[in-house]
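A short reminder: the numbers here are calculations on the coordinates, not readings from a lab. Because the structure is a prediction, the values reported are computed rather than measured. Positions of Cβ are backbone-derived with ideal geometry, glycine not excepted, and every protein chain shown enters the neighbour counts.
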Amino acid sequence: MSQAPAVLVQGLVKRYPVFRGFRELIRHPFDRRTVTALDGLDLEIGPGRVFCLLGPNGAGKTTLIKILAGLVLPDGGRALAGGRDVAREPGPARSAVGCAIGDERSFYWRLTGRQNLEFFGALYGLRGPAGRRRIDELLRLAGLDEAADLRFSGYSTGMRQMLSLARALLADAAILLVDEPTRSLDPQAADRTREFLRDELAGRRGKTVLWATHDLGEAADCADDIAVISRGRIRLGGPAASLAAGGREALRRAYEKAVGEAEGRP
């Protein structure tokens, strides 16, 4: 019998109100214009898979991740994480996922890496000896054990990214959501982050990783499955072995064709 999907999204819709200036609000107070971020999106991710989501800016990648993480509510359709509906069962659904969003700004810069994890760990009920053991384990796993007691303000961009991933693993969730985890990293730090996600978390620990990226080469090298999102819908999807069978250039051609068709370009 086949396993239930780790992530299941059906007909997902999300709209945001259009930002308007003060004068326009005064002139048209009842104007309710919106922009559609997700437009009936369908997606299925199997357990233990590395799933790379590709798409241009504004395609809906970050909105999807925020909905699955319980940070944003959908306007229609449904999204299940670990078999739990993110809108109807928000507590159990949030327990099933860990989330690391790019350009994370919620860390406390005057605290050390360890103290930051202790603070956020307390929100998950990680306290006392068990909490300290879990934090020590994550610092070692992320390669930050020697930098654990340095202030976060002194961390490099790569170290901050690894601490963000360690924080996402505090509750040992089965599903990890990552949004452009290698953006702004130098090549060495980017390679270390990719290996951590692909080899350690998915390969050795069996985590399901939903990985949003702009980097087609990254997707071709790291993913088990790839999907292309444009204008709020999945336009192309399948095993990476098929979509990237001809290497990065083959994937690029398929990506450009899918996005071009979605945007009405020849």
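Here is how the numbers come out for the structure above:
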quantity	calculated
Length gained when the stretch ARG132-ASP85 is fully extended (0.36 nm per residue, less Cα-Cα span)	13.8 nm
Most mobile listed residue (GLY246, GLY11, GLY237) in the chain, GNM with C-alpha springs under 10 Å	GLY246
Cα-based shape type of the range 166-237, given that a ≥ b ≥ c are square roots of the gyration tensor eigenvalues and the cut on a/c is 1.5	oblate
Contact order relative to length of the range 66-184, as percent, for alpha carbon pairs under 8 angstrom and 6 or more apart	33
Entry for Kirkwood radius over Cα pairs in Å (calculated from the structure that is shown) out of [x] 21.9; [y] 18.5; [z] 19.5	[z]
The chain, relative contact order in percent, only Cα pairs under 8 angstrom and at least six apart counted	24
Prolate/oblate/rounded call for the range 92-215, Cα gyration tensor, a/c under 1.5 rounded	oblate
Taking the range 107-170 and dividing mean pair separation by its residue count, relative contact order in percent (alpha carbons under 8 Å, at least six apart)	44
The range 1-126 shape via C-alpha gyration tensor axes, a/c threshold 1.5	oblate
Candidate lysines for bridging to LYS66, where Cα separation is under 22 Å - those fewer than 8 sequence places away on the same chain excluded	LYS14, LYS207
5 angstrom amide H check on GLY40, placed H, neighbours 5+ away	LEU12, VAL13, LYS14
In sequence order, calculated HN-Hα J values of the range 31-39 (Karplus, 6.51, -1.76, 1.60; Hz; x Gly/Pro)	5, 10, 5, 9, 10, 8, 8, 10, 10
Of LEU170, ALA142, ALA189, farthest towards positive along the dipole that unit charges on Lys, Arg, Asp, Glu beta carbons give the range 141-207	LEU170
